[in-house]
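One structure is given below, encoded as structure tokens.
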Amino acid sequence: MTSLDAERLEILLDSLPKGGFPGKAALEEELDRARIVDPKNVPPTVVTMNSTVKFKLMPAGEEFCLTLVYPGRVDDQGTTISILAPVGSALLGLSIGDEIQWPRPGGGMLQVRIEEIVYQPERAGEYDL
């Protein structure tokens, strides 16, 4: 995780009311165990905040893209996922090829694999997002 992401997420977590969202503890745990790196040193294959990620449903092969964002930047078109969502906090720091369980609408779980980091701010030299 980049030092900028860690700092911004700490501020976000501090601003939330106690018990304000169910995934707060999980995101705090992610921050506690994260390896913090300078934004200029993060590998281009790692999911950071504001990264756009291409996923593949396993084994069906269907692909979709989402951008990992702060809560105020979630859109209505379904192209973003909030860092405060359980899957959002789980994505932070994953790499191309990693697989995770994703809640299926209506119940159950899907297996998805990170196929590509379509956009990563650090790779593009953009640090003020």
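Can you confirm whether the stretch 102-121 contains a residue that is free of Cβ contacts under 8 Å to residues at least 40 places away in the same chain, under 24 Å from E10 (Cβ atoms) and either of a type in the set (V, I, T) or out of contact with any strand residue (DSSP E or B) (no Cβ under 9 Å at 6 or more places or on another chain) (or both)? Looking for residues that are free of Cβ contacts under 8 Å to residues at least 40 places away in the same chain, under 24 Å from E10 (Cβ atoms) and either of a type in the set (V, I, T) or out of contact with any strand residue (DSSP E or B) (no Cβ under 9 Å at 6 or more places or on another chain) (or both), one finds none in the stretch 102-121, hence no.
Within the stretch 6-28, residues that are farther than 18 Å from V87 by Cα and modelled with pLDDT of 80 or more sit with their Cβ atoms under 9 Å from residues that are not in a helix (DSSP H, G or I) and not hydroxyl-bearing (S, T, Y), at 6+ positions apart or across chains, in these pairs: R8/M49; L16/L84.
Against the list (1) in a helix (DSSP H, G or I); (2) open to solvent by 60 Å² or more (accessible area, probe 1.4 Å), the condition A90 fails is (2).
Taking the residues in the stretch 93-112 that are among the charged types (D, E, K, R) and in a loop (DSSP other than H, G, I, E, B) as candidates, determine which candidate is modelled with the highest pLDDT. Here the answer is D98. Restricting F64, F55 to those that are farther than 19 Å from D5 by Cα, exposed (fewer than 15 other Cβ atoms within 10 Å of the Cβ) and under 15 Å from the mean Cα position of the chain (by Cα) reduces the list to F64.
Just give me the residues in the stretch 67-83 being at negative phi and either over 9 Å from the mean Cα position of the chain (by Cα) or open to solvent by 60 Å² or more (accessible area, probe 1.4 Å) (or both), in sequence order.
Initial filter on the stretch 67-83 (at negative phi): 67-77, 79-83.
Within the stretch 67-83, Y70, P71, G72, R73, V74, D75, D76, Q77, T79, T80 qualify.
The values are calculated or read from the model by the stated rules, or taken from the named source; none is laboratory data. Source: prediction; values computed, not measured. Every residue, glycine among them, receives a Cβ derived from its backbone with ideal geometry; neighbour counts consider all protein chains shown. To get the accessible areas, we keep the full protein, side chains included, count just its heavy atoms, and leave off ligands, DNA and RNA. Shrake-Rupley method; radii C 1.70, N 1.55, O 1.52, S 1.80 Å.
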